[in-house]
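Beneath this line is the structure, given in structure tokens, with notes to follow.
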Amino acid sequence: MLEFLLCSLVTIFPDYLGRRFLQGKRWGHEITFFTMWYELRWGITACVLLTVALITVIFYYHPSTTNASPFFRTVTMLPEGGGRVDAVYVDNGQLVKAGDPLFSLEESSQLAAMEVAESKILELDAGIKLAEAEREAMRGLVAQAKGSLDQAQNELRLKRDLQQRDAGIVSSNEIERLENTIESRVGALTAANANLQAVQAQLESVLPAQRASAVEAFEQTEVEVRKTTVYASIAGRVAQFLLKPGDYVNPILRPAGLLIPVSGVESGLVEVQAGFNQLAAPVVKPGTLAEITCMSKPFTVIPMVVVRVVDVIAAGQLRPTDSLVDIEARAKPGTLTVAMEPLYANGLAGVLPGTKCLANAYTNNHEEIASGDLGLGSYLFLHMVDAVGIVHAIILRIQALVLPVKTLVFAGH
């Protein structure tokens, strides 16, 4: 309507003035509601064409959308395993910092597993001490067997020397007996060394490996005990948190509540996401100026700037399933998703995250016009494009004024 009124000032109105003062036709006589089309046909036709062209230019170069909102992320409060609640440390609606405990689950089974793992470690420590004592005993047996072998070898050497001097002093049976004794003591020494190596292997490999495994099992039980207490992963406000001791919580079927961030992009206090028509893709770029008005802060227009444009259309996403996708079923065109930030600090103060907003984006050709490299036609066209942006700005302000009335009176909300 606003565009039609503006266009009528340069089409229908001049046509009427010409017919009134140049042709002498008067309203209510030659010009009536019944003769209006015939008498003002040139002005009406030009007005309709100009209005359509103006609306097309405005909506293309200065796109608008009613699908805008400062979205925020929620973090589900979940334990890593199911169990019954033992203690609750926060209240619903409370502000918490990252790392604050939220609630804990019963931990009797985890504590019992920890005690078993700790007992295993003590048992292996005792086994290591026993093996060290056995090693010292084996070393003594090795020394004893080596001493007995040395003694037998010395005695055999002495007997052989005596036999060489006088064959009648030492008999051959005595020499043979000593040789057998040496072979026996060599076997005893070998057995003692083998026993020593077995004990040494127990101390150096088997028992340390068993103890390391027991320590890992103990640390795992400690982790399981710590998992029974759920901590806040981010700073935020607790929401939908109605847990009581004795309630059952499951990470898949029954979450405990939600955490709503209170700072950063995820909080909905920094960015506003908007979905524009796909035809706006060549126009809306990072750095494009915009304005929004939101229901939670009525009668206020907030200057914004586009900081990010998603380079895909969500309606075209596809993932493998067990059935072929019919393109006709995906006929909804989808929107161009952009993210906007306030042009000035604290621009979103008072705007509630998740609120419904209206948004306009404005094409700005000032730098291109000021460059002086444009022809006359392009210069005038870009001037016209930037000038008609005020029409959309006026419409947004009218919407900001009408929105509360439309919602409260006509929609009955």
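The values are calculated or read from the model by the stated rules, or taken from the named source; none is laboratory data. As the structure is a computational prediction, the values presented were derived from the model and not from experiment. Positions of Cβ are backbone-derived with ideal geometry, glycine not excepted, and every protein chain shown enters the neighbour counts. We work out accessible area using only protein heavy atoms, side chains counted, and drop any ligands, DNA or RNA first. Shrake-Rupley method; radii C 1.70, N 1.55, O 1.52, S 1.80 Å.
The residue that is surrounded by the most Cβ atoms within 10 Å (Cβ to Cβ), among those in the range 100-128 that are among the small types (G, A, S) and closer than 18 Å to E222 by Cβ, is S104. Specify the residue that is least open to solvent (accessible area, probe 1.4 Å); the eligible residues are those in the range 129-142 that are in contact (Cβ under 8 Å) with a residue 24 or more places away in the chain and farther than 17 Å from A191 by Cα. Only one residue fits best here, namely A131.
Taken together, the residues in the range 65-115 that are free of Cβ contacts under 8 Å to residues at least 24 places away in the same chain and of a type in the set (S, T, N, Q) amount to 2.
Only a single criterion out of (1) in contact with a helix residue (DSSP H, G or I) (Cβ under 9 Å, 6 or more places away or on another chain); (2) at pLDDT 85 or above; (3) open to solvent by less than 70 Å² (accessible area, probe 1.4 Å) is not satisfied by L203, namely (2). Annotation: Y16 fulfils all but one of (1) within 25 Å of I398 (Cα to Cα); (2) modelled with pLDDT under 80; (3) not charged (D, E, K, R); the unmet one is (1).
Condition check ((1) under 13 Å from A256 (Cβ atoms); (2) in contact with a helix residue (DSSP H, G or I) (Cβ under 9 Å, 6 or more places away or on another chain); (3) part of a loop (DSSP other than H, G, I, E, B)) across all residues:
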site	(1), (2), (3)
T45	no, no, no
V48	no, yes, no
A53	no, yes, no
I58	no, yes, no
A68	no, no, no
F72	no, yes, yes
T76	yes, no, no
V85	yes, no, no
V90	yes, no, yes
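In the set V249, V306, V284, V270, only one residue is in contact (Cβ under 8 Å) with a residue 24 or more places away in the chain, assigned to a loop (DSSP other than H, G, I, E, B), open to solvent by less than 40 Å² (accessible area, probe 1.4 Å) and on the phi < 0 side of the Ramachandran plot; that residue is V284. Going through the range 356-379 one residue at a time, which ones are open to solvent by 50 Å² or more (accessible area, probe 1.4 Å) and either touching a residue at least 24 places away in the same chain (Cβ under 8 Å) or in a strand (DSSP E or B) (or both)? Listed by number, the residues that qualify are K356, N364. Within the option set V96, V90, V85, being under 51 Å from the mean Cα position of the chain (by Cα) and within 30 Å of E216 (Cβ to Cβ) holds for one residue only, V85.
Of the residues in the range 228-238, not one is among the aliphatic types (A, V, I, L, M) and within 24 Å of S119 (Cβ to Cβ).
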